[in-house]
Amino acid sequence: MPLVSSRLRVPARHRAAILTAIREYGPISRADLSRVLSLRPSSITSQARDLLAQGLIDEVGPGNSSTGRPPVLLDIARRDNYAVGIVLEPNGISAALVQWDGAIVCRSPIVPVRPNVPAVDLEQQAIEAAERVLCEGGVLRERVHGIGVGVSALVDTSANEAVFSSTFSQVRRFRFDALAESTGRPVYLEDIAYLMALGERWFVYPNDRRPLVFLLVSRGTCGAVLAPAGAPELPRFAAEFGHMVVSPNGPLCGCGKRGCLEALLSESALLGTAQRLLPAPSNGPLTLASVAALAEAGNQIAASIIETAGEFLGLALANIASVFAPALIVVGGSVAEGWGRWLLPTGRAAAHDHLLDSLRDRVEVLPSRLGGDAALVGCAARVMDAVFSRQ
Ligand SMILES: [Zn+2]
């Protein structure tokens, strides 16, 4: 019996390795796959035949050859496979049908969430949003390989449960299995920052050989670290960057400490500072956009709020870079989107001042390219990851 099961496991492991290598290095020939993975050509041929039959990979045309017949290249069948992405946040539910190349096929309007809505109603709203994009997308449901769900919470991915959320407690009672039962698609729950990092890693920087660190600066502040392509042994985790202390005598944070990044750089912290220092606008509450508009119009207080935020961002970037360099640090979230054109240059300059000389050229800081869609797109990567690693 042990002999039989080990013989069955080996090809399954090969399948995961082959799919991962095609994603990271594709389009790629069978011969190059054999070299990259140190697998026998016959194993590659037989697995590739199965994967082609399952519609998970495509033959995408001839490659270059200096001698003899050009090889046929293999790639992930990115346009014939899909995932549903759902993002549950305290202010709304967003859903989209996403191709395996990261393109959004269709999306549902954001469904508002009432404060203290019962979890059972939240489940129903999520099911309706998923069904809506599944119907509107008009694709065969069997080609939709799963539903990735992002929540602003600490999650137990093995149990598909949200364990803790300080801002969205109902999500802890959300039965994610009910979403799977209703739609007939497997559900994969993840932390939102982790999904954003995954979206950038897989669809924007698939061949980058540096660790990718995603810093989410939004209502809260957190992040994720992902290994570079081809180095699965490196860390891959959601990180509480928000509670990194950048000002020991700074304002009190929700965690009880003083001067955490979250207490200084989250959207609510910045708007709190702006409300204390700036006059209330006549046409509604202060927003990130209205503070930026004041700064652009020459208001020195608004400009200094943004400048100070950039300096704290720089301290955080320097701390992150000191741990992870060489690294690509991607900064995303509502604060990064709203103020990024001022924040990032100030942040980079401040990080430069705080970093060791030897690290300065080994870190690149870039804005999120996926912007507000990063988590939805990351859901597709999460589903693909589950399909690829299925044993
Ligand atoms: Zn804190």
Give me the tail of P(r) for region 82-185 as a percent: Cα-Cα pairs with distance above 16 Å. 53
Using 0.36 nm per residue, how much length does the chain from T308 to S322 gain when fully extended, once their Cα-Cα distance is taken away? 2.9 nm
So, R0 is 56 Å and r is the distance between the beta-carbons of E128 and D357; what FRET efficiency does that work out to, to 0.05? 0.50
Multiply the residue gap between N283 and R79 by 0.36 nm, knock off their C-alpha separation, and tell me the result in nm, one decimal place. 68.9 nm
Virtual paramagnetic centre 7 Å along Cα→Cβ of N207, amide N under 19 Å, in region 31-67: 31-37, 58-66
Phi-derived 3J(HN,Hα) across region 36-50 with the Karplus relation (6.51, -1.76, 1.60, θ = phi - 60°), rounded Hz, x for Gly and Pro, is 4, 9, 6, 10, 5, x, 5, 5, 4, 4, 6, 5, 5, 4, 5
Interchain or sequence-distant (5+) residues whose placed amide H lies within less than 5 Å of the amide H of A239 are G223, A224, V225
Could you list which residues have their amide H under 5 Å from that of G333, counting only those 5 or more apart in sequence or on another chain, with H placed in the peptide plane? V217
Hey, what do the phi angles of region 71-87 turn into as Karplus ³J(HN,Hα) couplings, whole Hz, using 6.51/-1.76/1.60 and θ = phi - 60°, x for Gly and Pro? x, 7, 8, 10, 9, 4, 6, 6, 9, 10, 10, 9, 9, 9, x, 10, 10
Charge sum, other residues only, whose C-beta stays under 12 Å from G223's C-beta, Lys/Arg counted +1 and Asp/Glu -1: -4
Summed over the other residues with a beta carbon less than 15 angstrom from that of A31, with K and R at +1 and D and E at -1, the charge totals +2
Inter-site label distance for Q54 and S158 at 7 Å from Cα along Cβ, in nm: 2.4
Once R390 and V117 are pulled to full extension, the length gained, defined as 0.36 nm per residue separation minus their Cα-Cα distance, is 94.7 nm
Using Cα atoms only, what is the angle between the long axis of helix 267-277 and the major principal axis of the chain, expressed in degrees (0 to 90) to the nearest 10? 10
Per DSSP helix of 4 or more residues, -39500 (n - 2.57); summed, then divided by the residues of the chain. What does that give at 222 nm, rounded to the nearest 500? -14000 deg cm²/dmol
Please go through region 119-207 and write out the trypsin sites (Lys or Arg not before Pro) that DSSP classes as loop and that have at most 16 other C-beta atoms within 10 Å. R175
Compute the signed sum of charges (Lys and Arg +1, Asp and Glu -1) over the other residues within less than 11 Å, Cβ to Cβ, of L343. -1
Cβ-based charge dipole, region 95-142, positive-most Cα from V117, A96, I127: V117
Measure out, as a whole number of angstrom, how far apart the alpha-carbon centroids of region 160-180 and region 23-98 sit. 33
For the chain, share of DSSP beta bridges that run antiparallel, in % to the nearest 5: 60
Can you pull out the trypsin sites (Lys or Arg not before Pro) in region 326-391 that DSSP calls coil and that have at most 16 other Cβ atoms within 10 Å? R362, R369, R390
Provide L261, L212, L359 in ascending order of the number of other Cβ atoms located within 10 Å of each residue's Cβ, fewest first. L359, L212, L261
Beyond 37 Å, the calculated P(r) of the chain holds a percent of Cα-Cα pairs equal to 28
Each label point is 7 Å from the Cα along the Cα-to-Cβ direction; what then is the distance between the points at T67 and T167, in nm? 6.1
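No lab work stands behind these numbers, since they all come straight from the coordinates. Note that this is a predicted model, so its numbers are computed, not measured. Ideal geometry is used to build each Cβ from the backbone, glycine not excepted, and the neighbour counts take in all protein chains shown.
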